[in-house]
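Written below as structure tokens is the structure these notes are about.
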Amino acid sequence: MSALTVARTVLLRASRRPSTYVISALAFVPALFGAILGSQGHGALAGGGPLALRLVAPLMVAAMVAGPVGESFENRTVVYWFTRPFPRWQVLAGEALGHFAVASLALVLAGALLAVANALTGTADLASLARIPVGLVLEAAALVGFSVAIGALVPKHPVLAALVVLMLSEGALPMVWDKLSYLSLAYHTSVLTGLPFSFLGGASDVAAPPLAVSAAVLLVWAAAPLAVASAVVRDRDLG
Amino acid sequence: MNPEVVIEFNAVSKWYGVVLGLREVSLRIGRGITGLLGPNGAGKSTLLKVLTGEVSPSRGEVKVFGQRVPSLDAFKRIGYAPEIEVFFEELTAREFVTALAQASGMDGATARRRAEETLHEVGLEKALDRRVSTYSKGMRQRTKLAQALLHDPDVVLLDEPMTGLDPLARAHMGELIQKLGARGKAVVVSSHILDEVEMMTSQIVVLYKGQLLAQGDVHAIRAMIDRHPHRVALTCDAPRALAAALVGLPSIAALRFPSDTTLEFETRDPDACYGAIPKLALAHNVKITALSSPDDNLAAVFRYLTTDPRGGVS
């Protein structure tokens with residue numbers, strides 16, 4: 001299937017791009033932050049968890065994904081795919097698949113480092129730590145689907161556009177009204193992983209939904225923007 | 001027998017907001033090489049983009065082998081080398097072309113074989129495994145051509161394939177394009193380099209400000225541009241004596257003597273003049289050593305059509 005060809009190409013290109021590794025280095029930041037807080041008795045996960053979910057993950061994925069996808073539309077290299085005999089939506093699906101492989105590795109690395117920081121500075125709860133990779137992989141899927149869509153829809157400033165939306169959904173809106181946390185993909189990732197959503201582990205006033213609901217919300221975050229982008233790109237002029 | 005119509009534009013218009021890209025363009029292109037000419041902003045790239053589905057026409061329809069474009073079936077028969085100079089820079093030419101071959105529906109082994117074949121065909125056999133980011137302009141142009149030929153398309157669209165090439169590379173690219181035309185493909189070459197296009201083909205389409213000015217054989221088009229009399233240059237041993245004889249012909253518009261041995265005249269009926277010249281030369285004992293028509297060429301036709309495009313020709 002042509003989407004797989006696109007995905008393999010995305011993976012190969014990302015693996016040869018120095019920026020992939022530079023951006024992935026952000027994975028160390030939550031662990032470092034968590035280690036500092038952990039050594040002060042606050043618990044590594046209390047500080048590092050929210051930092052990873054609400055700041056580092058969105059930044060990493062927006063930069064790694066929205067940027068290159070937007071660039072391919074802006075410099076028209078996407079034409080090489082779009083003039084092949086397969087539908088345009090498969091190009092976006094392939095971009096999402098390829099970038100998902102890279103992003104999920106980076107986020108799982110961030111989670112693993114945070115878990116190590118927690119183990120070194122506090123009590124290691126192995127059972128709950130097993131949930132972290134699964135939750136982060138789902139967060140990666142949500143962020144990648146969203147970022148590919150933003151890259152296709154706002155090719156001139158894709159990273160900025162992605163970060164503005166994410167700042168609203170992950171930061172500003174939940175601060176304004178607790179219940180808007182239900183829109184936040186970081187909130188649902190925190191439900192799945194058991195990592196705290198609020199900084200320094202403060203309790204949330206919203207009732208946590210069932211795990212299946214949180215997983216479904218993340219999948220909607222992945223699929224819905226991609227569906228919208230596919231519909232728009234299908235008939236849009238490229239230049 | 002009517003030649004096969006491969007590409008068909010029916011009253012195609014394209015607006016970019018208030019800017020007109022194409023205006024009511026209707027044309028038919030068959031097999032062989034067709035030069036697509038026009039100054040910057042004429043609509044050449046827009047015409048190719050409409051053909052490849054990159055942009056949709058605001059009005060009208062485009063067909064390839066009778067199928068409306070864009071369509072997945074049409075894409076199977078179209079190979080396109082766009083004007084862009086950027087590729088998937090992190091990949092080698094082999095990887096880039098192989099990926100596109102797979103995207104064209106080939107299995108892995110066939111894709112790798114076809115990628116190698118087309119890269120050999122365009123002369124990149126020694127640089128297959130170098131990253132595209134290290135390629136010169138000429139190598140990039142050839143890579144673009146290779147990916148356009150992967151699936152052996154019947155229609156090959158080349159947007160400015162000569163840009164940035166040195167003379168040797170241009171000659172090689174011209175040979176490749178001529179081979180494609182000889183193989184019965186419909187090749188449309190958009191170019192500013194008129195003398196290169198003229199070497200490849202006499203079939204041209206001339207666009208100006210989004211409108212079709214002329215389509216057909218360059219010599220036939222020249223013959224129809226009445227408002228510009230034909231220029232004929234003669235080299236002989238007695239130009240003034242011959243001029244005195246020619247001035248009696250009704251179709252002669254002007255006479256000049258660029259040098260002591262050259263006579264240049266303008267005429268609205270070149271065929272009548274070509275018939276009269278041998279008789280006049282014999283009658284006045286003038287020895288003619290050369291005869292040419294300096295403006296029966298693509299550059300002159302292009303200049304006449306685009307500097308005063310009121311009288312379009314088709």
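If only residues of segment A:1-16 that are under 14 Å from residue B:95 (Cβ atoms) and open to solvent by 20 Å² or more (accessible area, probe 1.4 Å) are counted, the one that is farthest from the other protein chains (Cβ to nearest Cβ) is A:11.
Residue B:42 falls short on exactly one of the conditions (1) of a type in the set (Gly, Ala, Ser); (2) open to solvent by 10 Å² or more (accessible area, probe 1.4 Å); (3) away from every other protein chain (no Cβ under 13 Å), and that condition is (2).
Inspect all residues belonging to segment B:106-129 and state whether any of them is within 23 Å of residue A:71 (Cβ to Cβ), open to solvent by less than 10 Å² (accessible area, probe 1.4 Å) and within 14 Å of chain A (Cβ to nearest Cβ).
No, segment B:106-129 contains no residue that is within 23 Å of residue A:71 (Cβ to Cβ), open to solvent by less than 10 Å² (accessible area, probe 1.4 Å) and within 14 Å of chain A (Cβ to nearest Cβ).
Across segment B:227-244, the qualifying residues are those that are out of contact with any Lys or Arg (no Cβ under 9 Å at 6 or more places or on another chain), more than 23 Å from residue B:300 (Cβ to Cβ) and of a type outside the set (D, E, K, R), and the one among them that is surrounded by the most Cβ atoms within 10 Å (Cβ to Cβ) is B:242. Segment B:165-226 holds helices (runs of 4 or more DSSP H) entirely within its bounds, and those carrying 1 or more residues that are free of Cβ contacts under 8 Å to residues at least 40 places away in the same chain and open to solvent by less than 10 Å² (accessible area, probe 1.4 Å) map to B:167-182. Restricted to segment A:31-133, the set of helices (runs of 4 or more DSSP H) holding at least 3 residues that are aliphatic (A, V, I, L, M) comprises A:44-50, A:57-61, A:88-121, A:126-129. Considering only residues in segment A:209-235 that are within 14 Å of chain B (Cβ to nearest Cβ) and under 23 Å from residue A:165 (Cα atoms), the one that is most open to solvent (accessible area, probe 1.4 Å) turns out to be A:232. Exactly one residue out of A:165, A:91 is closer than 20 Å to residue A:227 by Cα and open to solvent by 50 Å² or more (accessible area, probe 1.4 Å): that is A:165. Out of all the residues in segment B:258-277, is one or more assigned to a strand (DSSP E or B), farther than 28 Å from residue B:209 by Cβ, modelled with pLDDT of 90 or more and among the charged types (D, E, K, R)? The answer is yes; a qualifying residue exists.
Count of segment B:130-159 residues, restricted to those that are within 13 Å of another protein chain (Cβ to nearest Cβ) and of a type in the set (Gly, Ala, Ser), is 3. Residue A:56 - would you say it is within 14 Å of chain B (Cβ to nearest Cβ) and either buried (at least 19 other Cβ atoms within 10 Å of the Cβ) or modelled with pLDDT under 90 (or both)? For residue A:56, the condition - within 14 Å of chain B (Cβ to nearest Cβ) and either buried (at least 19 other Cβ atoms within 10 Å of the Cβ) or modelled with pLDDT under 90 (or both) - is not met.
The values are calculated or read from the model by the stated rules, or taken from the named source; none is laboratory data. What you see is a predicted model; the values in this text were computed from it and never measured. Because the Cβ atoms are built from the backbone with ideal geometry, glycine has one as well, and the counts that use them run over all protein chains shown. Just the protein is used for accessible areas: all its heavy atoms, side chains included, with ligands, DNA and RNA removed. Shrake-Rupley method; radii C 1.70, N 1.55, O 1.52, S 1.80 Å.
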